[in-house]
Amino acid sequence: MYRPSGLATPRELVNYLNQYVVGQENAKKVLSVAVFNHYNRVHANMKAMYYDEPPHMAMPNYLNSQTRTSPNRSPETTSFSAPMLPLFEKSNVLVIGPTGSGKTLLAKTLAHVLDVPFSVSDATTFTQTESDVGDDVEVCVQRLLQAANWDPYKANIGIIYIDEVDKIARKSTGPESTRDVGGEGVQQALLRMMEGSIVNVPAKGPSMPPPSGSTRSSRGQAMPAPVQWPESYAVDTSNVLFIMSGAFVGLENIIKRRIAKGSIGFTANLSSPEESSPASLPFFTPNSNTNGNILGKVEPADLVKYGFIPEFISRMPSITTLSPLTPSDLRRVLTEVKGSLISQYTALFGYSGIAIRFTRAAIDQICKMAAARGGGARGLRGIMESLLLDPMYEAPGSWISHVLINEATVLGKSPPMYWGAGQTEALTFHDAWLAEEERYNENPP
């Protein structure tokens, strides 16, 4: 069995993700392997069904076969000597991690490099009750079809990303038998789609190319044939990869209780539902794991206790966790990765003919504040928006041509430093930035 030409290997996918996503090495590996195996599975299953490329659709570049058979080949010349490969089952993915840790960015970046239809939905809007509030679960398939330009064959091999999936866990307010019927109903509906089913999506407008054919007017001129748009489209989710994600607040307590219960001696009674300190872990737990990401020890049974039905969790055999971003990770988000925040704001000011610079001490202080505030990369952007509010208001259309942000500005002790246009002003601006950097080198953090 050969790899379809144009399909990047897991290592190549990870290298691509490293350009945009900071850290989360294990999550990158899990997602890259899952995506690679999924599209190998799609290709293999189609070959098993048709013994060649499917006759009803043109395969994308990443699924093109390295060898193509002649369309004039007769059925008698088809070779059945090779052993029949089994139909491979897909492995949907569950990503667990705090907000701002890169869950959505990972999935979007993978979909971009694969060039497949990709849709994003929020599970908090899903409902299975008769209500004017909320969306049907099938709306995620409709968004995938829209991303595929209303081509159901392209949508059949797309990726559906559903965020905040932890919000559809059933809740118990009293005895354990009490169930949140709405949440479990959404799980059941998603379960059918993850297994593979035909979803009929109503047409929302003439977005697909009109059918070919023409008629002639009384003058003999060619006239376009009347367009008859389908009332609905059928999307088969058997080859759609589902990636679920959520913060799963409180899951760490379930994991700690399980670990403590499985320990020996007096340590079995160290934890309680309210405890979240490292003391609730077994005595023999290594320090690296105790101080690390406890969510990395999650097991399917923990997710069932959290409020998911076992059938739903079993349809997501690939589970990976993301760690909160450290100050050093936040610094890379701010300065190093493609599309970094500083490069974005530098370009934004550049559109108005304004040069802006940040001192290294200012960058360190921004990252410390973001780590203390929480929220990961989203919290980092919030701090940048507040910090640059005055320059973004004052500078455009004014005499200001240069802006310097130093540590005192980040701490709120002094306003941003401004300079006007002209070579002298530019040299003064550069000298001020250089003096800040020299002071940083003399007193590194």
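Output wanted: per-residue J couplings in Hz (rounded whole) for the stretch 110-119, from phi through Karplus 6.51 cos²θ - 1.76 cosθ + 1.60, θ = phi - 60°, x for Gly and Pro.
With the stated coefficients, the stretch 110-119 comes to 5, 4, 5, 6, 7, 6, 10, x, 9, 10 Hz.
Would you kindly give the portion of the calculated P(r) for the stretch 327-442 that falls above 22 Å, as a percent of all Cα pairs?
Beyond 22 Å sits 31 percent of the P(r) for the stretch 327-442.
Taking amide hydrogens as modeled 1.01 Å from N in the peptide plane, which residues meet the under 5 Å criterion relative to Ser318, leaving out close sequence neighbours?
Answer set, sorted by chain and number: Asn92, Leu94.
Among 296-307, 382-393, how do they line up by average Cβ neighbours within 10 Å per residue, starting with the highest?
296-307, 382-393
In whole Hz, with x marking every Gly and Pro, tabulate ³J(HN,Hα) for the stretch 93-101 from phi via Karplus 6.51 cos²θ - 1.76 cosθ + 1.60, θ = phi - 60°.
Working through the residues one at a time gives 10, 10, 10, 10, x, x, 5, x, 8 Hz.
In whole percent, how big is the carbon plus sulfur part of the accessible area of the stretch 327-442, probe 1.4 Å, protein atoms only?
54
Where does each of 97-106, 248-257 land if you order them by average Cβ count within 10 Å, highest first?
97-106, 248-257
On a 26 Å Cα-Cα criterion, which of the cross-link pairs Lys297/Lys368; Lys261/Lys305; Lys305/Lys368; Lys154/Lys297 come out too long?
Lys297/Lys368; Lys305/Lys368; Lys154/Lys297
HN-Hα J couplings of the stretch 16-31 from phi, Karplus 6.51/-1.76/1.60, θ = phi - 60°, integer Hz, Gly and Pro as x?
5, 5, 4, 6, 10, 10, 8, x, 6, 4, 5, 5, 4, 5, 4, 5
If you take every residue apart from Lys108 with its C-beta less than 14 Å away from the C-beta of Lys108, what net charge results, scoring Lys and Arg +1 and Asp and Glu -1?
+2
With every protein chain present, what is the per residue accessible area of the stretch 327-442 (1.4 Å probe, Å²)?
Accessible surface, normalised per residue, equals 52 Å².
With every protein chain kept in the model, how would you rank Trp433, Trp150 by accessible area, 1.4 Å probe, largest at the top?
So, going from the largest accessible area down, we get Trp433, Trp150.
With a 1.4 Å probe and every protein chain left in place, tell me how much accessible area Thr321 has, in Å² to the nearest 10.
30
Arrange the peptides 186-192, 28-34, 140-146, 240-246 so that the one whose residues have, on average, the most other Cβ atoms within 10 Å appears first.
Highest-to-lowest ranking by the protection proxy: 240-246, 140-146, 28-34, 186-192.
The values are calculated or read from the model by the stated rules, or taken from the named source; none is laboratory data. Here the structure is a predicted model, which means the values were calculated and not measured. Please note: Cβ atoms are built from the backbone with ideal geometry, for glycine as well, and neighbour counts cover all protein chains shown. Side chains included, ligands, DNA and RNA excluded: accessible areas come from the protein's heavy atoms. Shrake-Rupley method; radii C 1.70, N 1.55, O 1.52, S 1.80 Å.
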